[in-house]
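J.: Would you mind keeping the following structure in view while I ask a few things?
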Amino acid sequence: MKAPAPLAVLLLAATVIACVVGTAVGSRGWEPLWADAGAAAAIVWDIRLPRTLGAWLAGALLGLSGAVAQGLFRNPLADPYLLGSATGAAFGVAVLLVVTGSVPGAASGVLARIGQTGAGFAGAMLAVAITLGLAKGVQHTLRLLLAGVIVGMVFGAFSALVMFWVPEIMRAMQAFLLGTTGFLGWNSVALLAVLLALSLGTAVVFSRSLDALALGETTAASLGVALRPVRLVMIAVMALATAAAVAQVGLIAFIGLIAPHVVRALVKPTHRWLLPLSALAGGLLLLAADVLSRWVLAPQEVPVGVLTAVLGGGYLLWLMHRRAM
């Protein structure tokens, strides 16, 4: 497949099918509840449908963020967690749990969801700001990457310390760190949809700048790309998209790394197509993993973050073996 438009249609069709399957998989495995229009309709509408849509939206945000990271740093191994934003978001949510004494999803109402997402975004922005400070701006890519690794480790340690000092939140944070879509509701879906539209729209506006950066910073500057503003905007998009996804579904591994790879393996698009296609692929990957997590060991549920780590790691090992042959 060489044209990006057919791939977009294929991903959309696969997403519709996955959404239908997602509404039919419950705590006991396959349960086509549309056959019973009674009380089962409330389960589909209030639990399964928002969980299914929320999982897709969170995956789309991670896929988009991964494509931005790989384009910005010109590195196919870059992922959304590169600048410490994920562990920063986790630290923000951990602090929120201590302050409110609640667990993810325990509070209700749109203000509660904004509070959780806001805490994750604040933690992510704090981590990114510290990364930028240590790297002395966005001019030096290697220094920025190294600072991100250090900040990510430090904020991960901070989250562990918070759980050590307040062990009451350890169970809630365990589910959060392993990744879960079980707390998603319609408020989460609305917030994730708005943030996806904002992040994707902003990223697409700067897609030509990412194409120019792929040719090298010197070439991009000679083409009139304002490197500093472009980097700042793209880092803000990464932080916003990653923080929103992490705040709602926890730490999900490999989706942001794998989604752009899957797209580039099928087509060779410019960033104007790569960004939305990566969002579609990321949403489909996380939704498929969520359905499998509910289905494979029903009535027990596998943490979706564990499943994406196993499948994503297996895919990368297969890719390495294939290229070594």
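J.: Tell me whether segment 90-103 contains one or more residues that are aromatic (F, W, Y) and either surrounded by fewer than 16 Cβ atoms within 10 Å (Cβ to Cβ) or at pLDDT 85 or above (or both). Please lay out each step first, then the result.
T.: Our first condition is that a residue be aromatic (F, W, Y); within segment 90-103, this holds for 91.
With the extra rule that they be either surrounded by fewer than 16 Cβ atoms within 10 Å (Cβ to Cβ) or at pLDDT 85 or above (or both), the set shrinks to 91.
There is at least one residue in segment 90-103 that is aromatic (F, W, Y) and either surrounded by fewer than 16 Cβ atoms within 10 Å (Cβ to Cβ) or at pLDDT 85 or above (or both).
J.: Exactly one of these conditions fails for L285: (1) in contact with a Leu (Cβ under 6 Å, 6 or more places away or on another chain); (2) crowded, with 24+ Cβ neighbours inside 10 Å; (3) over 24 Å from A119 (Cβ atoms). Give me its number.
T.: For L285, the exception is condition (1).
J.: For M234, indicate whether it is modelled with pLDDT of 85 or more, closer than 15 Å to L61 by Cα and surrounded by fewer than 24 Cβ atoms within 10 Å (Cβ to Cβ).
T.: Yes; evaluated as a whole, the condition is true for this residue.
J.: Checking the condition under 30 Å from A5 (Cβ atoms) and not polar (S, T, N, Q), which residue from L287, L251 passes?
T.: On the way: L251 fails: under 30 Å from A5 (Cβ atoms).
From the options L287, L251, the qualifying one is L287.
J.: Select from segment 294-314 the residues that are surrounded by 16 or more Cβ atoms within 10 Å (Cβ to Cβ), in contact (Cβ under 8 Å) with a residue 40 or more places away in the chain and not acidic (D, E) and list them in ascending order.
T.: Kept after step one, since they are surrounded by 16 or more Cβ atoms within 10 Å (Cβ to Cβ), are these residues of segment 294-314: 294-295, 298, 301-305, 307-309, 311-312.
Applying the additional criterion that residues be in contact (Cβ under 8 Å) with a residue 40 or more places away in the chain yields 294-295, 298, 301, 303-305, 308-309, 311-312.
Within segment 294-314, R294, W295, A298, P303, V304, G305, T308, A309, L311, G312 meet the criteria.
Let's see how each residue does on (1) surrounded by 22 or more Cβ atoms within 10 Å (Cβ to Cβ); (2) over 20 Å from S65 (Cα atoms):
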| site | (1), (2) |
| --- | --- |
| K136 | no, yes |
| L145 | no, no |
| V149 | no, no |
| A172 | no, yes |
| T181 | yes, no |
| N187 | no, yes |
| A190 | no, no |
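J.: Among the residues of segment 252-275, how many are under 18 Å from the mean Cα position of the chain (by Cα), part of a loop (DSSP other than H, G, I, E, B) and over 15 Å from L285 (Cα atoms)?
T.: As a first pass, look at segment 252-275 and keep what is under 18 Å from the mean Cα position of the chain (by Cα): 252-263, 274-275.
Right, trim to part of a loop (DSSP other than H, G, I, E, B) and you get 252-254.
Those still in the list that are over 15 Å from L285 (Cα atoms) too: none.
The number of residues fulfilling the criteria is 0.
J.: Assuming V291 fulfils every condition listed in (1) more than 20 Å from the chain's Cα centre (by Cα); (2) in contact (Cβ under 8 Å) with a residue 12 or more places away in the chain; (3) surrounded by fewer than 24 Cβ atoms within 10 Å (Cβ to Cβ) apart from one, which condition is it?
T.: For V291, the failing item is (1).
Here is a yes/no grid of residues against (1) at pLDDT 95 or above; (2) outside any helix (DSSP H, G or I); (3) open to solvent by less than 40 Å² (accessible area, probe 1.4 Å):
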{"site": "A41", "(1), (2), (3)": "no, no, no"}
{"site": "V44", "(1), (2), (3)": "no, no, yes"}
{"site": "T52", "(1), (2), (3)": "no, no, yes"}
{"site": "L57", "(1), (2), (3)": "yes, no, yes"}
{"site": "V68", "(1), (2), (3)": "no, no, yes"}
{"site": "G71", "(1), (2), (3)": "no, no, yes"}
{"site": "D79", "(1), (2), (3)": "no, yes, no"}
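J.: Turning to a different aspect of this structure: Would you mind finding the one in L307, L275, L285 that is at pLDDT 90 or above and under 21 Å from C19 (Cβ atoms)? I'd like the intermediate steps shown before the answer.
T.: Working: L307 fails: at pLDDT 90 or above; L275 fails: under 21 Å from C19 (Cβ atoms).
Sole residue among the options that is at pLDDT 90 or above and under 21 Å from C19 (Cβ atoms): L285.
J.: Related question: Just name the residue that is modelled with the highest pLDDT out of those in segment 211-231 that are surrounded by fewer than 19 Cβ atoms within 10 Å (Cβ to Cβ) and among the charged types (D, E, K, R).
T.: D211
J.: A further question on this structure: If you take just the helices (runs of 4 or more DSSP H) that sit entirely in segment 133-239, which of them hold at least 2 residues that are touching a residue at least 24 places away in the same chain (Cβ under 8 Å) and within 24 Å of A89 (Cβ to Cβ)? Write out each step before concluding.
T.: Numbers: elements: 141-165, 170-178, 186-205, 207-213, 217-222.
Result: 141-165, 170-178, 186-205.
The values are calculated or read from the model by the stated rules, or taken from the named source; none is laboratory data. Everything numeric in this text was worked out from a predicted model, so none of it was measured. Cβ sites come from the backbone with ideal geometry, for glycine too, and all protein chains shown count toward neighbours. Surface accessibility is based on the protein's heavy atoms, side chains included, excluding ligands, DNA and RNA. Shrake-Rupley method; radii C 1.70, N 1.55, O 1.52, S 1.80 Å.
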